[in-house]
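Structure, as structure tokens:
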Amino acid sequence: GPGPGRLPVAGEGPVEGGPPDHSYSLSSGTTSEELLRKLNEQRDIIALLEVKMKEMKGSIRRLRLAEAQLREEIREKDRLLHAASTGTRKRHGL
């Protein structure tokens, strides 16, 4: 058997009665009402996260459209600058 100074390995030792490690851990004496409450809390959290994901997807879509518009504006300004610079060179005989 295990010696007095030895820590129990995973899978050994008492399974019940220990403190829960995480908010989703359940003790052996959990009632069905507590289970239902925890389940409903988890569902609420998931629903909230789904709403936030949809909002973020919308934001990403808007940012991509804005980026495309800005890139097009930059291309147009570059064309205008290029046309203006070649036009002035021609006028000045360069």
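The values are calculated or read from the model by the stated rules, or taken from the named source; none is laboratory data. Source: prediction; values computed, not measured. Note: ideal-geometry Cβ built from the backbone for every residue, glycine included; neighbour counts use all protein chains shown. All accessible areas refer to the heavy atoms of the entire protein, side chains included, with ligands and DNA or RNA removed. Shrake-Rupley method; radii C 1.70, N 1.55, O 1.52, S 1.80 Å.
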With all protein chains in place and a 1.4 Å probe, Leu35 shows an accessible area in Å² (nearest 10) of 80 Å²
For Glu55, what accessible surface area do you get with a 1.4 Å probe? Give it in Å², rounded to 10. 110 Å²
Between beta-carbons, use under 12 Å as the cut-off and find the net charge around Ala68, counting Lys and Arg +1, Asp and Glu -1. +2
